[in-house]
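Working notes, beginning with the structure itself.
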Amino acid sequence: MLVSFPGQNNMLVLRSFMILFFSCITIKINLCFPSIPSSLKTLSIDGHFDFEQVEHAAKDFGNRYSYLPLAVLYPKSVSDVATTVNHVWQIGGGSELKVAARGHGHSLQGQAQAHRGVVINMESLQGLKMQVHTGNFPYVDVSGGELWINILRQSLKHGLAPKSWTDYLHLTVGGTLSNAGISGQAFRHGPQISNVYQLEVVTGKGEVVNCSEKQNSDLFYSVLGGLGQFGIITRARISLEPAPEMVKWIRMVYTDFATFTRDQEKLISGQSTFDYVEGFVIINRTGLLNNWRSSFNPQDPLQASQFKSDGRTLFCLELAKYFNHEDMVLVNQEIKTSLSQLNHIPSTLFISEVPYMEFLDRVHISEIKLRSRGLWEVPHPWLNLFIPKSKIHSFAQEVFGNILTDTSSGPILIYPVNKSKWDNRTSVVIPEEDVFYLVAFLSSAVPSSTGNDGLEQILIRNKRILDYCEIAGLGVKQYLPHFSTQGEWKSHFGPHWEAFIRKKSTYDPSAILAPGQRIFQKPIAYS
């Protein structure tokens, strides 16, 4: 307690107190942390710790945050992960030592980092090889550090594939299942977390637990979409279905947002002809040709070049129909019938035919091109929102009409999904309405730019969007959320907050799996 003194003496006392306070903190850190690497070195593990080359674990795809860990664990077994987590738990929360699971490093805001903690490199996790099980209910057993692209390659050898995807496949299983894992298939099959049969999880106590709908179900549903707050996913059993050979990849353009969304909602209702429905926004462009994603090649570039947007905001509908060669005639007829019921601009219809693998891995093609130009490892201040159907028009009018008036600095995705395909027992937070939209602002900031494509300006735009959503009371929820205060996390979870806290205290009582003193200051969600 400070004694109050009049005038400047009070400031001198306060300054002296602060110097003493921070000196004590420095002493505590100096006494505590040097002993921790030594204790980690004594652990009996199959893999190894690296205490020197840790810089790579202090960066991620977002390229905005950098937190150096004390050590990086390269586990060879699940036992390595459990032994390490249990050791940190035994040390106790007073050490402030935290553990972060890192997959392919595709997190956006440092979620897979641990300041002065331990980062577990999940991609080095070994054990049972990927196993594909055929039969009436096929599935694949995979490591939590396995990439989805590798699951696709292996399952295709058996004529099978997972049902639900993300747009980018070079992400780990544990990373996407800790969030939700969504793409254009979600309207039909739900997110990836709706297509999991079983998990193996290392809890915050270092316990290895198998869980499913019927076994340790509370942990199972807590971990799915749980932002890595309840445990580290070390193994998953993923549902499979027969894989198609080819994909009809279709795009068309709208100038009217109401017509665009009405057609999207029609396509995700009932027995849709299509297997994938997405859309994106084109803002303030003069032509059409250069606005298709680079991996899509219109069959009639002359037709595309003749269409002029005149600077209008356009809305592109993207569809995919899976098929096998022997079904070509029937599929063509189904597509023709379905497209005739839509209200797009006829001259902007383009249909491409590609192998299934090429379609699913389409973003990786763009990645290769961007890497070659030095435009991949730049800041990515992405903003992903779930917006109730009833509010999507108000949102579009303000955001696409007033806030975003210049050429966007990256793709803007927008598409509806059915809430009925999302299991309400998982930890993921979504709007209450039966249909809601994902709107994703996937910006890339140009290094050193002070213009509209610079990091600062993009962050300002993101804040304007969030402020509008809050003031207008749209009931928006963030996907891949990141908040700086416990109050913001409490608001995000809403009525689910108390249950989240209870389960967190059960499976990670010392908050080992979250960096920082406050549990929800910056949750870990490895990716």
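Brief remarks follow.
- A protection proxy built from the mean count of other Cβ atoms within 10 Å ranks the segments 41-47, 84-90, most packed first, as 84-90, 41-47.
- Expressed as a whole percent, the accessible area of the range 312-369 that falls on carbon and sulfur atoms is 59 (1.4 Å probe).
- Helix-only CD estimate at 222 nm, as mean residue ellipticity for the chain, using -39500 (n - 2.57) per DSSP H run (n ≥ 4): -9000 deg cm²/dmol
- Of K98/K504; K266/K419; K59/K98; K163/K419; K463/K504; K41/K503, pairs whose Cα-Cα distance is over 22 Å: K463/K504; K41/K503
- Computed over protein heavy atoms with a 1.4 Å probe, the carbon and sulfur contribution to the accessible area of the range 61-135 reaches 48%.
- Flagged links, alpha-carbon separation over 22 Å, of K76/K129; K369/K477; K391/K477: K369/K477
- Per-residue packing, averaged as other Cβ atoms within 10 Å, sorts the ranges 188-201, 351-364 into the order 188-201, 351-364, beginning with the highest.
- Distance histogram for the range 246-478 (every C-alpha pair counted, 10 angstrom bins, percent rounded to whole numbers): 7, 29, 37, 23, 4, 0
- Per residue, the chain exposes an accessible area of 44 Å² to a 1.4 Å probe, with every protein chain left in place.
- Label-point gap, in nm, between R312 and N210 - each point 7 angstrom along Cα→Cβ: 5.9
- Overall, the chain carries a charge dipole of about 820 debye about its Cα centre when +1 sits on the Cβ of Lys and Arg and -1 on the Cβ of Asp and Glu, all other atoms neutral.
- Think of the chain as having a plus end and a minus end, set by charges on the Cβ of Lys, Arg, Asp and Glu; of Y168, A114, L349, A114 sits farthest toward the positive end of this dipole.
- Gain on full extension, evaluated as 0.36 nm per residue between Q131 and V446 minus their Cα-Cα distance, stands at 109.2 nm.
- Span from the the range 467-481 Cα centroid across to the the range 399-421 one, whole angstrom: 13
The values are calculated or read from the model by the stated rules, or taken from the named source; none is laboratory data. No experiment lies behind these values; they were computed from the predicted model shown. Every residue, glycine as well, gets a Cβ built from its backbone with ideal geometry; the counts of neighbours run over all protein chains shown. These accessible areas exclude ligands, DNA and RNA; they are computed on the full protein's heavy atoms, side chains included. Shrake-Rupley method; radii C 1.70, N 1.55, O 1.52, S 1.80 Å.
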